[in-house]
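Report on the following structure.
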Amino acid sequence: MAQRLKTDWILFITVVLMVLFGSVMVYSASSVVAAVRHDGASWYYAVRQLIWLVVAVPVMMYFKRLHYRNLQTPAVAFTLTGITLMLLVAAYVLDAKQHRWIRFPLFGGLQPAEFAKPAVAMFLAYFIALRGRAINSKYTLVPAILALGFMIAAIVVADLGTPIVLVSTAGAVFMVAGLERRYFLILVAVGILACVAAVAAKPYRLVRMVHFVDPQMKLVDKYDKSGWIRRQMNQSVTTKDPNYQIEQSKIAIGSGGLIGTGLMRGRQKLFYLPESHTDMIFAVVGEEFGLFGSLVVMTGFLVILWRGIRASLLVPDDFGRYLALGLTVLMVFQAFFNISVALDMVPPKGIPLPMISFGGSSLLVTLASMGVLMNISEHAG
């Protein structure tokens, strides 16, 4: 008789509460903007989020019940990677301006970069578990790096934030798998150089980075005698004040104080704070619920980190260990990266706050990933 597994109620309840809170915050952050942009339909973005939620919750429950070892096949690992790459190419062709979206009625559209996150976690878990005893062999490192490189190259054209999350996740998995220090340092150096090249290739990225590191342009003028950096920056079509969004975010968080202004009573979302219901929703949380509410949200992600690391330590096989680690790092690193942007601790990058921000693709991928993590946690004892 099969053993009946015990649900990880701590992880399950944390995810459910954060999703419900996120739904409320999407309405709060978007209602005024939606009413103006969509003929008085203040529920426009909230309803779209709920439609995606109706799809995402059953997907999460399906993966929660599906034994994670059923995913340990080359068909899953390589098919998911291949489909994601095809979607990324389709987005590049169909979305000629931003290269990010595949749009269709009702649901709004898919953002293929979001699907790259579980695809990379699944591929790394399968491949490293298969080649774990030869993790430092070129026959392991080269195929893994090439697969990750192709995925990142397809994404970085339009999005730098997601590749940073993917590389950080891959680094964590490789390190736990026993990658030698010299190889790890080489990969870090290559990653930094690739990030610098990606920033230099896009004027708007260069503007954001320079204004974050050297807002007065003193270092730029001192070391760039030829004026190349200034010429590149002048090609950007971004706002003349690249710090505007971050300044508005800090105003929102600062005005929230300890307990906040109250739900629906925030002011910065009233066309002062751009992307208030997507990338910058944490600033709205800080304004309406104050330091207390912000800490509660961060605690939720710390609980996910705790349960995910616990699962990766206790699960009895390498595939489950690396998959739990990869999914946990993806979720938590992305969350705290988003929060760091809102707090002006890192340069602006367009990545959502998992389970809180508006975005159907992000919600679907996040809940599917959490379903898999729940199942691993249940088998971890």
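Please treat every number below as a calculation from the coordinates, not as lab data. Since this is a predicted model, take the numbers as computed values, not measurements. Note that we place each Cβ from the backbone using ideal geometry, even for glycine, and neighbour counts take in every protein chain shown.
Convert each backbone phi in region 281-297 into a coupling constant with the Karplus relation 6.51 cos²θ - 1.76 cosθ + 1.60 (shift: θ = phi - 60°), then list the ³J(HN,Hα) values in order as whole Hz, x for Gly and Pro.
After applying 6.51 cos²θ - 1.76 cosθ + 1.60, I find 5, 4, 5, 5, 4, x, 6, 8, 10, x, 4, 4, x, 4, 5, 5, 4 Hz.
Given a cut-off of under 8 Å on Cα pairs at least six residues apart, what relative contact order in percent is computed for region 68-347?
Relative contact order, region 68-347: 18 percent.
Tell me whether region 158-204 comes out rounded, prolate or oblate; compute the Cα gyration tensor, take square roots of the eigenvalues as a ≥ b ≥ c, and use a/c under 1.5 as the rounded threshold.
oblate
Would you work out if region 1-88 is rounded, prolate or oblate? Take a ≥ b ≥ c from the square roots of the eigenvalues of the alpha-carbon gyration tensor; rounded if a/c is under 1.5, else prolate when a/b is larger than b/c, oblate otherwise.
oblate
Which percent of Cα-Cα pairs in the chain sits in each 10 Å bin, short to long?
Bin by bin from 0 Å, the calculated values are 5, 22, 32, 27, 12, 2, 0, 0.
Anything over 19 Å Cα to Cα? Flag those among Lys218/Lys250; Lys97/Lys202; Lys117/Lys138; Lys6/Lys64; Lys202/Lys349, in the order listed.
Correct reply: Lys218/Lys250; Lys117/Lys138.
Picking from Glu287, Glu275, Glu180, which is most flexible by a Gaussian network model of the chain using Cα springs under 10 Å?
Glu180
Can you sort Leu325, Leu314 by how many other beta carbons sit within 10 Å, fewest first?
Leu314, Leu325
Mind putting together the pair-distance distribution for region 135-183? All Cα pairs, 5 Å bins, whole percent per bin, short to long.
5, 20, 27, 24, 15, 8, 2
Name the long-range amide H neighbours of Leu110: under 5 Å, sequence gap of 5 or more, or other chain; modelled H, no Pro or chain starts.
Ile102, Arg103, Phe104
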